[in-house]
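So the structure is just underneath, and the comments pick up after that.
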Amino acid sequence: MTIDDRRLGELLTESNDLHHDALRTMPATLSDVRDYAHESGDRRPEPAELETFNRRRMQAATHIRDSNGARLVGGAALVGALATLVGRPALADQALDIQMLQTASSLERLAVNTYKAALGLPFIASGNATVKAFAETTMSQHDEHRQAFQALTESMGATAQDEPNPVFQKVVDEAVPTLMTPIDVVNLAAALEEVATETYLFDLTMFEDTAAKELMGSVMGVECQHLAVLLAVAALLDGGGEALIMIPTDVAALPAAAGSVAFPEPFNTINDANVAPAESGAVS
Amino acid sequence: MTTESNPQLPPLERLQSTTLSRRKLIFTTGTAVFGAALLAACGSDANDSADGTSNSGTSAGTTPDATTGTTAAPGTTAGEEAPATTDGEATGDLAIAQLAAGLEVLAVSTYQSAADAAGSGALGEVPPAVGEYVATALAHHQAHLDAWNKVITAAGSDEVTEPNAELAPVVAEQFAGVTDVIGAAKLALELEMVASHTYLTAIPLLEAPEAIELAGSIQIVDQQHQSILLFVLGEYPVPDVFQKTDKSAA
(Lines give C-alpha, C1' and ligand atoms only; values in the text may rest on other atoms or scores of the structure.)
Protein backbone atom coordinates (compact mmCIF):
# COMPACT_ATOMS: atom_id res chain seq x y z
CA MET A 1 0.00 0.00 0.00
CA THR A 2 1.21 3.49 -0.83
CA ILE A 3 1.12 6.10 1.90
CA ASP A 4 2.02 9.67 1.20
CA ASP A 5 3.45 10.23 4.67
CA ARG A 6 4.59 13.76 3.91
CA ARG A 7 1.15 14.82 2.70
CA LEU A 8 -0.53 13.09 5.63
CA GLY A 9 1.82 14.87 7.97
CA GLU A 10 0.98 18.19 6.40
CA LEU A 11 -2.71 17.52 6.76
CA LEU A 12 -2.31 16.58 10.40
CA THR A 13 -0.35 19.75 11.01
CA GLU A 14 -3.15 21.75 9.42
CA SER A 15 -5.61 19.95 11.63
CA ASN A 16 -3.59 20.77 14.71
CA ASP A 17 -3.49 24.41 13.70
CA LEU A 18 -7.25 24.38 13.38
CA HIS A 19 -7.45 22.84 16.85
CA HIS A 20 -5.64 25.80 18.29
CA ASP A 21 -7.74 28.28 16.31
CA ALA A 22 -10.88 26.72 17.67
CA LEU A 23 -9.61 26.78 21.22
CA ARG A 24 -8.90 30.48 20.93
CA THR A 25 -12.61 31.10 20.53
CA MET A 26 -13.46 29.27 23.73
CA PRO A 27 -12.71 32.06 26.23
CA ALA A 28 -15.35 34.32 24.70
CA THR A 29 -17.92 31.61 24.95
CA LEU A 30 -16.96 30.72 28.47
CA SER A 31 -17.21 34.29 29.67
CA ASP A 32 -20.85 34.27 28.63
CA VAL A 33 -21.33 31.07 30.53
CA ARG A 34 -19.74 32.52 33.65
CA ASP A 35 -22.17 35.40 33.49
CA TYR A 36 -24.96 32.92 33.26
CA ALA A 37 -23.63 30.97 36.23
CA HIS A 38 -23.67 34.08 38.40
CA GLU A 39 -27.21 34.83 37.35
CA SER A 40 -28.58 31.34 37.78
CA GLY A 41 -26.73 30.28 40.92
CA ASP A 42 -26.84 26.66 42.06
CA ARG A 43 -30.07 25.81 40.32
CA ARG A 44 -31.25 22.26 40.59
CA PRO A 45 -33.22 20.62 37.79
CA GLU A 46 -36.93 20.82 38.20
CA PRO A 47 -38.69 17.44 38.31
CA ALA A 48 -40.58 18.50 35.22
CA GLU A 49 -37.30 19.00 33.33
CA LEU A 50 -36.12 15.53 34.13
CA GLU A 51 -39.52 14.12 33.32
CA THR A 52 -39.43 15.84 29.95
CA PHE A 53 -35.92 14.53 29.26
CA ASN A 54 -36.93 10.96 29.96
CA ARG A 55 -40.24 11.29 28.14
CA ARG A 56 -38.53 12.50 24.99
CA ARG A 57 -36.06 9.64 25.24
CA MET A 58 -38.92 7.18 25.56
CA GLN A 59 -40.48 8.64 22.42
CA ALA A 60 -37.24 8.29 20.54
CA ALA A 61 -36.98 4.70 21.76
CA THR A 62 -39.90 3.73 19.59
CA HIS A 63 -37.80 4.17 16.49
CA ILE A 64 -34.65 2.19 16.99
CA ARG A 65 -32.95 1.60 13.69
CA ASP A 66 -31.96 -1.98 13.07
CA SER A 67 -28.81 -0.96 11.26
CA ASN A 68 -27.61 0.98 14.24
CA GLY A 69 -28.36 -1.85 16.58
CA ALA A 70 -26.23 -4.15 14.50
CA ARG A 71 -23.29 -1.81 14.76
CA LEU A 72 -23.57 -1.31 18.46
CA VAL A 73 -21.40 -3.81 20.20
CA GLY A 74 -23.35 -5.50 22.93
CA GLY A 75 -26.41 -3.65 21.74
CA ALA A 76 -28.95 -5.95 23.27
CA ALA A 77 -27.41 -5.78 26.72
CA LEU A 78 -27.12 -2.05 26.43
CA VAL A 79 -30.75 -1.60 25.51
CA GLY A 80 -31.65 -3.51 28.63
CA ALA A 81 -29.43 -1.35 30.78
CA LEU A 82 -30.79 1.82 29.28
CA ALA A 83 -34.35 0.66 29.65
CA THR A 84 -33.69 0.34 33.36
CA LEU A 85 -32.33 3.86 33.49
CA VAL A 86 -35.15 5.28 31.42
CA GLY A 87 -37.72 3.62 33.60
CA ARG A 88 -36.69 5.17 36.87
CA PRO A 89 -36.73 8.76 37.99
CA ALA A 90 -33.53 10.74 37.70
CA LEU A 91 -31.81 11.09 41.06
CA ALA A 92 -29.02 13.50 40.26
CA ASP A 93 -29.25 16.80 42.03
CA GLN A 94 -27.55 19.10 39.53
CA ALA A 95 -29.26 21.19 36.96
CA LEU A 96 -30.05 19.25 33.85
CA ASP A 97 -27.70 21.34 31.72
CA ILE A 98 -24.82 20.52 34.03
CA GLN A 99 -25.71 16.86 34.07
CA MET A 100 -25.65 16.76 30.29
CA LEU A 101 -22.28 18.51 30.19
CA GLN A 102 -20.83 16.11 32.74
CA THR A 103 -22.18 13.16 30.79
CA ALA A 104 -20.68 14.57 27.62
CA SER A 105 -17.33 14.81 29.42
CA SER A 106 -17.70 11.19 30.47
CA LEU A 107 -18.32 10.11 26.89
CA GLU A 108 -15.28 12.03 25.71
CA ARG A 109 -13.13 10.48 28.44
CA LEU A 110 -14.32 7.04 27.39
CA ALA A 111 -13.54 7.80 23.75
CA VAL A 112 -10.04 8.98 24.62
CA ASN A 113 -9.39 5.88 26.71
CA THR A 114 -10.73 3.59 24.03
CA TYR A 115 -8.72 5.09 21.18
CA LYS A 116 -5.64 4.98 23.39
CA ALA A 117 -6.19 1.31 24.11
CA ALA A 118 -6.82 0.62 20.44
CA LEU A 119 -3.54 2.29 19.49
CA GLY A 120 -1.79 -0.20 21.77
CA LEU A 121 -3.09 -3.17 19.84
CA PRO A 122 -0.38 -4.61 17.55
CA PHE A 123 -2.58 -4.76 14.47
CA ILE A 124 -3.36 -1.04 14.86
CA ALA A 125 0.08 0.11 15.99
CA SER A 126 1.74 -1.70 13.10
CA GLY A 127 -1.18 -1.75 10.72
CA ASN A 128 -2.54 0.65 8.15
CA ALA A 129 -0.71 3.95 8.64
CA THR A 130 -3.73 6.06 7.76
CA VAL A 131 -5.95 4.22 10.21
CA LYS A 132 -3.34 4.66 12.92
CA ALA A 133 -2.95 8.37 12.16
CA PHE A 134 -6.70 8.81 12.15
CA ALA A 135 -6.97 7.10 15.54
CA GLU A 136 -4.26 9.33 16.98
CA THR A 137 -5.82 12.51 15.65
CA THR A 138 -9.31 11.50 16.67
CA MET A 139 -8.13 10.68 20.18
CA SER A 140 -6.60 14.14 20.38
CA GLN A 141 -9.79 15.76 19.14
CA HIS A 142 -11.87 13.91 21.72
CA ASP A 143 -9.50 15.08 24.42
CA GLU A 144 -10.04 18.66 23.28
CA HIS A 145 -13.78 18.07 23.46
CA ARG A 146 -13.43 16.67 26.96
CA GLN A 147 -11.51 19.71 28.10
CA ALA A 148 -14.05 22.06 26.56
CA PHE A 149 -17.00 20.33 28.22
CA GLN A 150 -15.15 20.28 31.54
CA ALA A 151 -14.28 23.95 31.31
CA LEU A 152 -17.87 24.82 30.56
CA THR A 153 -19.07 22.71 33.46
CA GLU A 154 -16.70 24.42 35.86
CA SER A 155 -17.60 27.85 34.57
CA MET A 156 -21.16 27.07 35.56
CA GLY A 157 -20.03 26.45 39.12
CA ALA A 158 -20.15 22.68 38.98
CA THR A 159 -17.60 19.89 39.26
CA ALA A 160 -16.11 18.62 36.04
CA GLN A 161 -16.53 14.95 35.24
CA ASP A 162 -13.32 13.14 34.33
CA GLU A 163 -14.39 9.53 34.62
CA PRO A 164 -15.58 7.45 31.67
CA ASN A 165 -19.29 6.99 31.25
CA PRO A 166 -20.18 3.87 33.26
CA VAL A 167 -22.99 2.74 30.99
CA PHE A 168 -20.92 2.64 27.85
CA GLN A 169 -17.74 1.63 29.68
CA LYS A 170 -19.44 -1.71 30.18
CA VAL A 171 -20.00 -1.98 26.45
CA VAL A 172 -16.34 -1.28 25.78
CA ASP A 173 -15.21 -3.70 28.47
CA GLU A 174 -17.27 -6.44 26.88
CA ALA A 175 -15.93 -5.63 23.43
CA VAL A 176 -12.21 -5.35 24.18
CA PRO A 177 -11.53 -9.10 24.51
CA THR A 178 -13.14 -9.61 21.11
CA LEU A 179 -10.95 -7.13 19.26
CA MET A 180 -8.93 -9.35 16.95
CA THR A 181 -8.77 -7.39 13.70
CA PRO A 182 -8.77 -3.75 12.57
CA ILE A 183 -12.41 -3.92 11.55
CA ASP A 184 -13.35 -4.97 15.09
CA VAL A 185 -11.71 -1.82 16.39
CA VAL A 186 -13.27 0.35 13.71
CA ASN A 187 -16.73 -0.98 14.52
CA LEU A 188 -16.27 -0.33 18.22
CA ALA A 189 -15.04 3.18 17.55
CA ALA A 190 -17.98 3.78 15.21
CA ALA A 191 -20.36 2.66 17.93
CA LEU A 192 -18.86 5.16 20.37
CA GLU A 193 -18.97 7.96 17.81
CA GLU A 194 -22.58 7.13 17.14
CA VAL A 195 -23.36 7.30 20.84
CA ALA A 196 -21.71 10.70 21.12
CA THR A 197 -23.40 12.08 18.01
CA GLU A 198 -26.89 10.95 18.96
CA THR A 199 -26.52 11.87 22.63
CA TYR A 200 -25.50 15.37 21.67
CA LEU A 201 -28.29 15.69 19.10
CA PHE A 202 -30.79 14.70 21.76
CA ASP A 203 -29.24 16.94 24.39
CA LEU A 204 -29.41 19.92 22.04
CA THR A 205 -33.18 19.74 22.26
CA MET A 206 -33.00 19.84 26.06
CA PHE A 207 -30.40 22.49 26.86
CA GLU A 208 -31.49 25.86 28.14
CA ASP A 209 -28.03 27.38 28.09
CA THR A 210 -27.00 28.97 24.79
CA ALA A 211 -23.27 28.47 25.23
CA ALA A 212 -23.83 24.81 25.96
CA LYS A 213 -25.84 24.48 22.76
CA GLU A 214 -23.10 26.18 20.77
CA LEU A 215 -20.37 23.98 22.18
CA MET A 216 -22.26 20.72 21.95
CA GLY A 217 -23.45 21.49 18.44
CA SER A 218 -19.91 22.19 17.32
CA VAL A 219 -18.63 18.97 18.89
CA MET A 220 -21.51 16.98 17.40
CA GLY A 221 -20.52 18.27 13.98
CA VAL A 222 -17.11 16.64 14.42
CA GLU A 223 -18.13 13.36 16.06
CA CYS A 224 -20.45 12.66 13.15
CA GLN A 225 -17.53 13.14 10.78
CA HIS A 226 -15.48 10.64 12.78
CA LEU A 227 -18.43 8.28 12.38
CA ALA A 228 -18.65 8.86 8.62
CA VAL A 229 -14.96 8.13 8.15
CA LEU A 230 -15.16 5.00 10.28
CA LEU A 231 -18.16 3.71 8.34
CA ALA A 232 -16.30 4.23 5.08
CA VAL A 233 -13.16 2.61 6.46
CA ALA A 234 -15.16 -0.33 7.77
CA ALA A 235 -16.73 -0.83 4.36
CA LEU A 236 -13.36 -0.74 2.65
CA LEU A 237 -11.86 -3.17 5.15
CA ASP A 238 -14.83 -5.46 4.82
CA GLY A 239 -14.67 -5.36 1.04
CA GLY A 240 -10.98 -6.00 0.71
CA GLY A 241 -10.15 -2.41 -0.09
CA GLU A 242 -7.64 -1.71 2.66
CA ALA A 243 -5.14 -0.45 0.07
CA LEU A 244 -7.54 2.40 -0.71
CA ILE A 245 -7.48 3.65 2.87
CA MET A 246 -4.94 6.37 2.31
CA ILE A 247 -4.75 10.12 1.82
CA PRO A 248 -4.82 10.99 -0.99
CA THR A 249 -6.66 7.94 -2.19
CA ASP A 250 -7.18 6.52 -5.65
CA VAL A 251 -10.64 7.94 -6.21
CA ALA A 252 -11.12 6.14 -9.49
CA ALA A 253 -10.55 2.80 -7.79
CA LEU A 254 -13.04 3.37 -4.97
CA PRO A 255 -16.14 1.22 -5.14
CA ALA A 256 -19.38 3.07 -5.83
CA ALA A 257 -20.60 2.37 -2.30
CA ALA A 258 -17.86 4.60 -0.91
CA GLY A 259 -19.98 7.50 -2.07
CA SER A 260 -22.92 6.62 0.14
CA VAL A 261 -21.98 4.19 2.89
CA ALA A 262 -21.00 6.94 5.33
CA PHE A 263 -24.49 8.45 5.47
CA PRO A 264 -27.16 5.80 5.06
CA GLU A 265 -30.10 8.11 5.78
CA PRO A 266 -30.89 11.74 4.87
CA PHE A 267 -31.53 12.52 8.52
CA ASN A 268 -29.54 11.38 11.53
CA THR A 269 -32.42 10.20 13.66
CA ILE A 270 -32.08 9.43 17.33
CA ASN A 271 -31.83 5.83 18.47
CA ASP A 272 -32.59 5.72 22.17
CA ALA A 273 -30.06 2.95 22.70
CA ASN A 274 -27.39 5.41 21.63
CA VAL A 275 -28.40 8.22 23.97
CA ALA A 276 -26.49 8.42 27.22
CA PRO A 277 -28.96 9.38 29.96
CA ALA A 278 -28.19 12.79 31.40
CA GLU A 279 -27.67 11.35 34.86
CA SER A 280 -25.38 8.54 33.66
CA GLY A 281 -22.29 10.73 33.72
CA ALA A 282 -23.32 13.21 36.37
CA VAL A 283 -20.97 13.85 39.26
CA SER A 284 -22.69 12.63 42.36
CA MET B 1 -31.75 39.73 2.84
CA THR B 2 -28.67 41.80 2.52
CA THR B 3 -25.37 40.40 1.46
CA GLU B 4 -21.93 41.25 2.67
CA SER B 5 -20.10 39.49 -0.14
CA ASN B 6 -17.34 41.26 -2.01
CA PRO B 7 -17.98 41.40 -5.78
CA GLN B 8 -14.28 41.97 -6.39
CA LEU B 9 -13.45 38.45 -5.30
CA PRO B 10 -13.42 35.44 -7.63
CA PRO B 11 -16.67 33.43 -7.47
CA LEU B 12 -15.53 30.69 -5.09
CA GLU B 13 -13.97 33.18 -2.71
CA ARG B 14 -17.12 35.25 -2.91
CA LEU B 15 -19.15 32.23 -1.95
CA GLN B 16 -16.80 31.62 0.93
CA SER B 17 -17.10 35.21 2.08
CA THR B 18 -20.80 35.69 1.51
CA THR B 19 -22.80 36.14 4.66
CA LEU B 20 -26.39 37.09 4.94
CA SER B 21 -27.36 39.62 7.50
CA ARG B 22 -29.22 38.16 10.40
CA ARG B 23 -30.91 41.50 10.91
CA LYS B 24 -33.56 40.36 8.48
CA LEU B 25 -34.32 37.40 10.69
CA ILE B 26 -36.65 38.50 13.41
CA PHE B 27 -35.94 36.19 16.26
CA THR B 28 -37.93 37.92 18.95
CA THR B 29 -41.40 36.78 18.05
CA GLY B 30 -43.16 33.95 16.41
CA THR B 31 -41.14 31.12 17.86
CA ALA B 32 -43.84 29.61 19.99
CA VAL B 33 -46.39 29.46 17.22
CA PHE B 34 -43.82 28.04 14.82
CA GLY B 35 -43.01 25.34 17.32
CA ALA B 36 -46.64 24.39 17.30
CA ALA B 37 -46.58 24.40 13.52
CA LEU B 38 -43.60 22.08 13.52
CA LEU B 39 -45.56 19.75 15.70
CA ALA B 40 -48.41 19.91 13.25
CA ALA B 41 -46.57 19.04 10.10
CA CYS B 42 -46.32 15.30 10.22
CA GLY B 43 -49.65 14.53 11.77
CA SER B 44 -51.56 17.02 9.74
CA ASP B 45 -52.56 14.74 6.90
CA ALA B 46 -55.63 13.40 8.60
CA ASN B 47 -56.45 16.46 10.60
CA ASP B 48 -55.86 19.45 8.39
CA SER B 49 -58.79 21.70 7.77
CA ALA B 50 -59.30 24.02 4.87
CA ASP B 51 -58.03 27.03 6.75
CA GLY B 52 -54.76 25.35 7.56
CA THR B 53 -55.43 24.48 11.15
CA SER B 54 -55.21 21.01 12.56
CA ASN B 55 -55.92 19.10 15.71
CA SER B 56 -53.33 18.72 18.39
CA GLY B 57 -51.41 15.53 18.85
CA THR B 58 -48.36 14.11 20.49
CA SER B 59 -44.81 14.71 19.44
CA ALA B 60 -42.19 12.10 18.68
CA GLY B 61 -38.80 13.12 17.49
CA THR B 62 -38.39 10.36 14.96
CA THR B 63 -41.30 8.91 13.10
CA PRO B 64 -41.49 6.39 10.29
CA ASP B 65 -43.09 7.76 7.17
CA ALA B 66 -46.16 5.63 6.60
CA THR B 67 -46.37 6.57 2.94
CA THR B 68 -42.84 5.75 1.94
CA GLY B 69 -41.71 3.28 4.52
CA THR B 70 -38.64 5.34 5.15
CA THR B 71 -37.63 7.26 8.21
CA ALA B 72 -39.24 10.67 8.18
CA ALA B 73 -37.54 13.85 9.17
CA PRO B 74 -37.23 14.43 12.89
CA GLY B 75 -39.34 17.21 14.25
CA THR B 76 -42.13 16.91 11.74
CA THR B 77 -44.74 15.43 13.99
CA ALA B 78 -48.26 16.01 15.14
CA GLY B 79 -49.56 19.04 16.99
CA GLU B 80 -51.16 22.39 16.37
CA GLU B 81 -50.22 25.03 13.89
CA ALA B 82 -50.37 28.76 13.63
CA PRO B 83 -48.67 31.25 11.36
CA ALA B 84 -45.42 32.75 12.63
CA THR B 85 -45.43 35.99 10.76
CA THR B 86 -45.49 39.65 11.63
CA ASP B 87 -47.04 41.87 9.00
CA GLY B 88 -46.40 39.21 6.40
CA GLU B 89 -42.73 38.76 7.27
CA ALA B 90 -41.59 35.47 8.70
CA THR B 91 -40.30 35.59 12.24
CA GLY B 92 -38.44 33.43 14.71
CA ASP B 93 -38.12 29.74 13.89
CA LEU B 94 -40.14 30.16 10.71
CA ALA B 95 -37.66 32.66 9.32
CA ILE B 96 -34.84 30.22 9.98
CA ALA B 97 -36.82 27.42 8.35
CA GLN B 98 -37.30 29.53 5.25
CA LEU B 99 -33.63 30.37 5.14
CA ALA B 100 -32.78 26.68 5.46
CA ALA B 101 -35.23 25.74 2.72
CA GLY B 102 -33.69 28.30 0.38
CA LEU B 103 -30.28 26.76 0.94
CA GLU B 104 -31.67 23.30 0.32
CA VAL B 105 -33.24 24.42 -2.96
CA LEU B 106 -29.85 25.71 -3.98
CA ALA B 107 -28.16 22.45 -3.00
CA VAL B 108 -30.71 20.37 -4.89
CA SER B 109 -30.41 22.43 -8.04
CA THR B 110 -26.62 22.43 -7.90
CA TYR B 111 -26.33 18.69 -7.37
CA GLN B 112 -28.88 18.15 -10.14
CA SER B 113 -26.78 20.29 -12.45
CA ALA B 114 -23.72 18.28 -11.46
CA ALA B 115 -25.54 15.02 -12.15
CA ASP B 116 -26.68 16.32 -15.52
CA ALA B 117 -23.19 17.49 -16.38
CA ALA B 118 -21.73 14.15 -15.35
CA GLY B 119 -24.30 12.34 -17.45
CA SER B 120 -23.48 14.40 -20.50
CA GLY B 121 -19.77 13.85 -20.16
CA ALA B 122 -19.08 17.50 -19.45
CA LEU B 123 -17.08 16.61 -16.34
CA GLY B 124 -14.95 13.98 -18.03
CA GLU B 125 -14.69 10.54 -16.55
CA VAL B 126 -16.66 10.34 -13.31
CA PRO B 127 -15.46 7.74 -10.79
CA PRO B 128 -18.21 5.40 -9.57
CA ALA B 129 -17.92 6.62 -5.99
CA VAL B 130 -18.38 10.23 -7.07
CA GLY B 131 -21.42 9.37 -9.16
CA GLU B 132 -22.90 7.53 -6.21
CA TYR B 133 -22.13 10.44 -3.91
CA VAL B 134 -23.84 12.98 -6.17
CA ALA B 135 -26.98 10.85 -6.43
CA THR B 136 -27.04 10.28 -2.68
CA ALA B 137 -26.42 13.89 -1.70
CA LEU B 138 -29.04 15.07 -4.19
CA ALA B 139 -31.63 12.77 -2.61
CA HIS B 140 -30.62 13.86 0.87
CA HIS B 141 -31.00 17.55 0.13
CA GLN B 142 -34.34 16.97 -1.57
CA ALA B 143 -35.47 15.20 1.62
CA HIS B 144 -34.21 18.11 3.70
CA LEU B 145 -36.07 20.58 1.51
CA ASP B 146 -39.24 18.53 1.75
CA ALA B 147 -38.93 18.42 5.52
CA TRP B 148 -38.56 22.16 5.89
CA ASN B 149 -41.35 22.86 3.43
CA LYS B 150 -43.60 20.52 5.34
CA VAL B 151 -43.26 22.55 8.49
CA ILE B 152 -43.32 25.88 6.65
CA THR B 153 -46.61 25.11 4.96
CA ALA B 154 -47.98 23.74 8.22
CA ALA B 155 -47.25 27.16 9.69
CA GLY B 156 -49.46 28.71 7.06
CA SER B 157 -46.72 30.01 4.79
CA ASP B 158 -45.99 29.13 1.20
CA GLU B 159 -43.41 26.46 0.54
CA VAL B 160 -40.00 27.64 -0.56
CA THR B 161 -39.23 26.81 -4.19
CA GLU B 162 -36.57 29.36 -5.03
CA PRO B 163 -32.90 29.09 -4.11
CA ASN B 164 -31.32 31.51 -1.70
CA ALA B 165 -31.31 34.73 -3.67
CA GLU B 166 -27.93 35.94 -2.49
CA LEU B 167 -25.98 32.74 -2.98
CA ALA B 168 -27.66 31.46 -6.15
CA PRO B 169 -25.93 33.80 -8.62
CA VAL B 170 -22.55 33.21 -7.01
CA VAL B 171 -22.99 29.46 -7.23
CA ALA B 172 -24.25 29.68 -10.81
CA GLU B 173 -21.21 31.68 -11.82
CA GLN B 174 -18.93 29.23 -10.09
CA PHE B 175 -20.65 26.21 -11.61
CA ALA B 176 -20.27 27.69 -15.07
CA GLY B 177 -16.53 27.37 -14.62
CA VAL B 178 -16.59 23.75 -13.48
CA THR B 179 -15.06 21.45 -16.06
CA ASP B 180 -14.17 18.36 -14.08
CA VAL B 181 -15.00 16.25 -11.06
CA ILE B 182 -12.54 18.04 -8.82
CA GLY B 183 -14.10 21.41 -9.56
CA ALA B 184 -17.55 20.06 -8.91
CA ALA B 185 -16.41 18.50 -5.64
CA LYS B 186 -14.89 21.77 -4.46
CA LEU B 187 -18.11 23.65 -5.17
CA ALA B 188 -20.15 20.96 -3.45
CA LEU B 189 -17.86 21.17 -0.44
CA GLU B 190 -18.46 24.90 -0.17
CA LEU B 191 -22.22 24.44 -0.39
CA GLU B 192 -22.17 21.74 2.27
CA MET B 193 -20.12 23.98 4.54
CA VAL B 194 -22.51 26.88 4.10
CA ALA B 195 -25.39 24.57 4.97
CA SER B 196 -23.92 22.89 8.03
CA HIS B 197 -22.48 26.14 9.37
CA THR B 198 -25.87 27.75 8.98
CA TYR B 199 -27.59 24.94 10.88
CA LEU B 200 -25.05 25.13 13.69
CA THR B 201 -25.58 28.87 13.92
CA ALA B 202 -29.33 28.41 13.89
CA ILE B 203 -29.59 25.76 16.59
CA PRO B 204 -29.01 28.08 19.57
CA LEU B 205 -31.47 30.54 18.00
CA LEU B 206 -34.23 28.02 17.45
CA GLU B 207 -36.63 27.53 20.30
CA ALA B 208 -38.86 24.63 19.34
CA PRO B 209 -37.14 21.35 20.31
CA GLU B 210 -38.51 19.73 17.17
CA ALA B 211 -36.91 22.44 15.04
CA ILE B 212 -33.60 21.97 16.85
CA GLU B 213 -33.73 18.24 16.26
CA LEU B 214 -34.51 18.66 12.58
CA ALA B 215 -31.75 21.22 12.08
CA GLY B 216 -29.27 19.10 14.03
CA SER B 217 -30.13 15.93 12.16
CA ILE B 218 -29.44 17.71 8.86
CA GLN B 219 -26.31 19.44 10.17
CA ILE B 220 -24.87 16.02 10.92
CA VAL B 221 -25.49 14.64 7.44
CA ASP B 222 -24.12 17.76 5.77
CA GLN B 223 -20.97 17.51 7.87
CA GLN B 224 -20.62 13.89 6.81
CA HIS B 225 -21.01 14.85 3.16
CA GLN B 226 -18.03 17.14 3.67
CA SER B 227 -15.88 14.34 5.05
CA ILE B 228 -16.36 12.23 1.95
CA LEU B 229 -15.80 15.21 -0.33
CA LEU B 230 -12.59 16.04 1.53
CA PHE B 231 -11.46 12.43 1.19
CA VAL B 232 -12.15 12.55 -2.54
CA LEU B 233 -10.20 15.79 -2.79
CA GLY B 234 -7.24 14.25 -1.01
CA GLU B 235 -7.73 16.25 2.18
CA TYR B 236 -7.99 15.10 5.78
CA PRO B 237 -11.69 14.28 6.30
CA VAL B 238 -12.08 15.73 9.81
CA PRO B 239 -10.11 18.97 9.66
CA ASP B 240 -11.64 20.82 12.60
CA VAL B 241 -11.66 20.00 16.30
CA PHE B 242 -14.82 22.05 16.70
CA GLN B 243 -17.16 22.67 13.81
CA LYS B 244 -16.95 26.24 12.63
CA THR B 245 -19.71 28.67 11.67
CA ASP B 246 -17.76 31.17 9.59
CA LYS B 247 -19.58 30.28 6.36
CA SER B 248 -23.00 30.48 7.94
CA ALA B 249 -25.74 32.17 5.94
CA ALA B 250 -27.57 33.10 9.14
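The values are calculated or read from the model by the stated rules, or taken from the named source; none is laboratory data. Note that the structure is a prediction, hence the values are computed from the model and not measured. Here the Cβ is made from the backbone with ideal geometry for all residues, glycine too, and neighbour counts use every protein chain on show.
Key figures
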quantity: Yes/no for residue A:221 being facing chain B (nearest Cβ under 7 Å), crowded, with 21+ Cβ neighbours inside 10 Å and either within 12 Å of the chain's Cα centre (by Cα) or touching a residue at least 40 places away in the same chain (Cβ under 8 Å) (or both); calculated: yes
quantity: Single residue of the range A:140-150 satisfying the filter (surrounded by 20 or more Cβ atoms within 10 Å (Cβ to Cβ) and more than 9 Å from chain B (Cβ to nearest Cβ)) that is farthest from the chain's Cα centre (by Cα); calculated: A:150
quantity: Residue in the range A:191-218 that is surrounded by the most Cβ atoms within 10 Å (Cβ to Cβ), counting only those that are over 11 Å from the mean Cα position of the chain (by Cα) and among the acidic types (Asp, Glu); calculated: A:203
quantity: From A:159, A:138, residue being of a type in the set (S, T, N, Q) and under 25 Å from residue B:237 (Cα atoms); calculated: A:138
quantity: Unique match (being touching a helix residue (DSSP H, G or I) at 6+ places or on another chain (Cβ under 7 Å), more than 8 Å from every other protein chain (Cβ to nearest Cβ) and not in a helix (DSSP H, G or I)) among B:191, B:206; calculated: B:206
quantity: Of the criteria (1) part of a loop (DSSP other than H, G, I, E, B); (2) at the interface with chain B (Cβ under 9 Å from one of its Cβ atoms); (3) hydrophobic (A, V, I, L, M, F, W, C); (4) more than 20 Å from residue A:136 (Cα to Cα), which one residue A:252 fails; calculated: (1)
quantity: Meets criteria (more than 9 Å from every other protein chain (Cβ to nearest Cβ) and either within 18 Å of the chain's Cα centre (by Cα) or part of a helix (DSSP H, G or I) (or both)) for residue A:268; calculated: no
quantity: Qualifying residue in the range A:238-249 (condition: in contact (Cβ under 8 Å) with a residue 60 or more places away in the chain, assigned to a helix (DSSP H, G or I) and closer than 17 Å to residue A:193 by Cβ); calculated: no
quantity: Flag for residue A:228 being more than 7 Å from chain B (Cβ to nearest Cβ) and in contact (Cβ under 8 Å) with a residue 24 or more places away in the chain; calculated: no
quantity: Number of positions in the range B:103-135 that are more than 14 Å from chain A (Cβ to nearest Cβ) and surrounded by fewer than 24 Cβ atoms within 10 Å (Cβ to Cβ); calculated: 10
quantity: All positions within the range A:186-208 that are in contact (Cβ under 8 Å) with a residue 24 or more places away in the chain and either at the interface with chain B (Cβ under 9 Å from one of its Cβ atoms) or within 16 Å of residue A:267 (Cβ to Cβ) (or both); calculated: A:194, A:197, A:198, A:200, A:201, A:202, A:205, A:206, A:207
quantity: Wholly within the range B:83-185, helices (runs of 4 or more DSSP H) carrying at least 3 residues that are within 14 Å of the chain's Cα centre (by Cα); calculated: B:92-120, B:128-154
quantity: Residue within the range B:170-182 that is within 24 Å of residue A:138 (Cβ to Cβ), crowded, with 20+ Cβ neighbours inside 10 Å, in contact with a helix residue (DSSP H, G or I) (Cβ under 6 Å, 6 or more places away or on another chain) and within 12 Å of another protein chain (Cβ to nearest Cβ) present; calculated: no
quantity: Output for the range B:209-250, where each listed residue is among the aliphatic types (A, V, I, L, M) and at the interface with another protein chain (Cβ under 7 Å from one of its Cβ atoms); calculated: B:212, B:218, B:220, B:221, B:228, B:232, B:238, B:241
quantity: Single unsatisfied condition, residue A:242 versus (1) at the interface with chain B (Cβ under 7 Å from one of its Cβ atoms); (2) surrounded by fewer than 21 Cβ atoms within 10 Å (Cβ to Cβ); calculated: (1)
quantity: Hits in the range B:147-167 - residues which are of a type in the set (S, T, N, Q) and touching a helix residue (DSSP H, G or I) at 6+ places or on another chain (Cβ under 7 Å); calculated: B:149, B:157, B:161, B:164
quantity: Condition broken by residue B:237, with the remaining ones in (1) closer than 24 Å to residue B:123 by Cα; (2) in contact (Cβ under 8 Å) with a residue 24 or more places away in the chain satisfied; calculated: (2)
quantity: Some residue of the range A:152-165 being crowded, with 21+ Cβ neighbours inside 10 Å, part of a helix (DSSP H, G or I) and of a type outside the set (Ser, Thr, Tyr); calculated: yes
quantity: Any hit, the range B:141-151, residues being in contact with a Leu (Cβ under 7 Å, 6 or more places away or on another chain), within 11 Å of chain A (Cβ to nearest Cβ) and surrounded by 21 or more Cβ atoms within 10 Å (Cβ to Cβ); calculated: yes
quantity: Residue within the range A:255-263 that is of a type in the set (A, V, I, L, M, F, W, C), farther than 19 Å from residue B:216 by Cα, within 10 Å of chain B (Cβ to nearest Cβ) and surrounded by fewer than 21 Cβ atoms within 10 Å (Cβ to Cβ) present; calculated: yes
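Rundown of residues vs (1) at pLDDT 95 or above; (2) touching an Asp or Glu at 6+ places or on another chain (Cβ under 8 Å); (3) under 14 Å from residue A:233 (Cα atoms), yes/no style:
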| site | (1), (2), (3) |
| --- | --- |
| A:169 | yes, no, no |
| A:172 | yes, no, no |
| A:181 | yes, no, yes |
| A:187 | yes, no, yes |
| A:196 | yes, yes, no |
| A:200 | yes, yes, no |
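Here's the yes/no breakdown for (1) modelled with pLDDT of 50 or more; (2) outside any helix (DSSP H, G or I):
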{"position": "A:67", "(1), (2)": "no, no"}
{"position": "A:81", "(1), (2)": "no, no"}
{"position": "A:111", "(1), (2)": "yes, no"}
{"position": "A:117", "(1), (2)": "yes, no"}
{"position": "A:127", "(1), (2)": "yes, yes"}
{"position": "A:141", "(1), (2)": "yes, no"}
